[in-house]
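So the structure is just underneath, and the comments pick up after that.
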Amino acid sequence: NRRRFLAVGGAVLASPFIMPRGASAAEFNYKFANNFPLGHPMNNRMQEAADRIAAETDGRVALAIFPNNQLGSDTDTLNQVRSGAVEFFTLSGIILSSLVPVASINGVGFAFSDMSEVWKAMDGPLGAHVRKAITDARLHVMPHMFNNGFRQITTSTVPIEGPDQLRGLKIRVPVSPLWTSMFQSLGCAPTSINWNETYTALQTGIADAQENPLSTIDAGKLFEVQKYCSLTNHMWDGFWMLANPRAWRALPEDLQQIVEKNMTDAAMAQRADIDELNRTLRTELEGKGMAFNEPDPAAIREVLRTAGFYEEWHKSFGDEAWGLLEATTGQLT
Ligand code: X2X
């Protein structure tokens, strides 16, 4: 029967791209989606985790990785992990705030001064507070975040020396009220665009600027469409490993423990990989044609303060969450 043959042929052709070897034999075939290309530490470390999970569960749990927003933009994939179309998804807490408002608190401008402060807060009481809010919003979340890093501003037009060059800047920001508010407070004209459309937006001049850690600028090849990189370190951003709660509960407890432990190990290794890249990539990006400068962050931060940004977001997050943030960072207003 020709039709039947065609259907089977299609399935055989498609399967190598979406299923790891032996996946059909597994009891739990779960998808992990993320926004980075293969070769990025997120995917390298999660592939190691997937291999260990398969080995330690005797093949009962097969995790297939879908890199590079293959299944949709970050905004779309959040809907898919809520519905169960995707079982695992790493999403920036700041973008997750469309569903869980307090999840953007780690992105408050110039809050953390270094990575040790970041992990003290996010592996500690502030992270626990955010995780409870995520759980209350009916998503399962792993205990430890993955790293994106301190964010830097790139442009195709002029280097950012201070507040003057920010005024009126057409800058792409991820889809999130905190990002829009912060860059509006800095006097920019921010436009919300998902990551998977950012390269094209910069290439076609929909935006002249964007902001990301060096490792992400490199992973997205933004050096092809941006000339200047100004090291503002204006906010820190990382990813929560979200899981569809029904898919999570379907795993017996011993399998849950194996998955969680290996995802924690992956997060710890990925954090170190990303720190190293963010520390060392400047020279490589200069080699690819980008020009770097180091503006004084104090002048930029002062613009946020006088615009009332800190008061506004203190009120929005509430005293409890804000207090947990300031317990690590010191007073921000
Ligand atoms: O969208 C971005 O800029 C990115 C890749 O950094 C995030 O996932 C927040």
Simple spin-label estimate for A327 and Q203 in nanometres, 7 Å along Cα-Cβ: 4.7
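Quick one: ranking S156, S73 by accessible area, 1.4 Å probe, largest first, what do you get?
Values: S156 55, S73 10 Å².
Largest accessible area first, the residues go S156, S73.
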The chain: Lys pairs at Cα distance under 22 angstrom, eight or more positions apart or on different chains: 9
Between the stretch 110-141 and the stretch 262-323, the alpha-carbon center distance in angstrom: 15
Extent along principal axes [Cα atoms of the chain; Å; largest to smallest]: 69, 43, 33
Where Rh is the Kirkwood radius over Cα pairs, Rg/Rh for the stretch 77-169: 1.05
Residues A85 and A137, FRET efficiency given R0 of 22 Å [Cβ-Cβ distance, rounded to 0.05]: 0.80
FRET efficiency estimate (nearest 0.05) - Cβ-Cβ, M268 to E27, R0 25 angstrom: 0.35
Linear extension gain, A128 paired with D164, 0.36 nm per residue minus alpha-carbon span: 9.1 nm
Per residue accessible area in Å² of the stretch 279-333, where ligands, DNA and RNA are left out and the probe is 1.4 Å: 55
Gaussian network model of the chain, springs between alpha carbon atoms under 10 Å - residue of N293, N148, N194 with greatest fluctuation: N293
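Using a 1.4 Å probe, what is the accessible area per residue for the stretch 122-254, in Å²? Spell out each step's value before the answer.
On the way: 4650 Å² over 133 residues.
Accessible area per residue: 35 Å².
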Cα-centred dipole magnitude for the chain, charges only on beta-carbon of K, R (+1) and D, E (-1), debye, nearest 20: 1260
Charge dipole (the chain, unit charges on Cβ, about Cα centre) - positive-most of I105, A133, L63: L63
Using θ = phi - 60° and Karplus 6.51 cos²θ - 1.76 cosθ + 1.60, couplings along the stretch 188-197 (whole Hz; Gly, Pro as x): 7, 10, x, 10, 7, 9, 5, 4, 6, 10
Beta bridges by DSSP in the chain, antiparallel share as percent, to the nearest 5: 55
Carbon plus sulfur fraction of accessible area for the chain, probe 1.4 Å, in percent: 52
Q256-D296 FRET efficiency (beta carbon distance; Förster radius 41 Å; 0.05 resolution): 0.30
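The values are calculated or read from the model by the stated rules, or taken from the named source; none is laboratory data. Model, not experiment: these values are computed from the prediction. Note that each Cβ is placed from the backbone with ideal geometry, even for glycine, and that neighbours are counted across all protein chains shown. Ligands, DNA and RNA are excluded from the accessible area calculation, which covers all protein heavy atoms including side chains. Shrake-Rupley method; radii C 1.70, N 1.55, O 1.52, S 1.80 Å.
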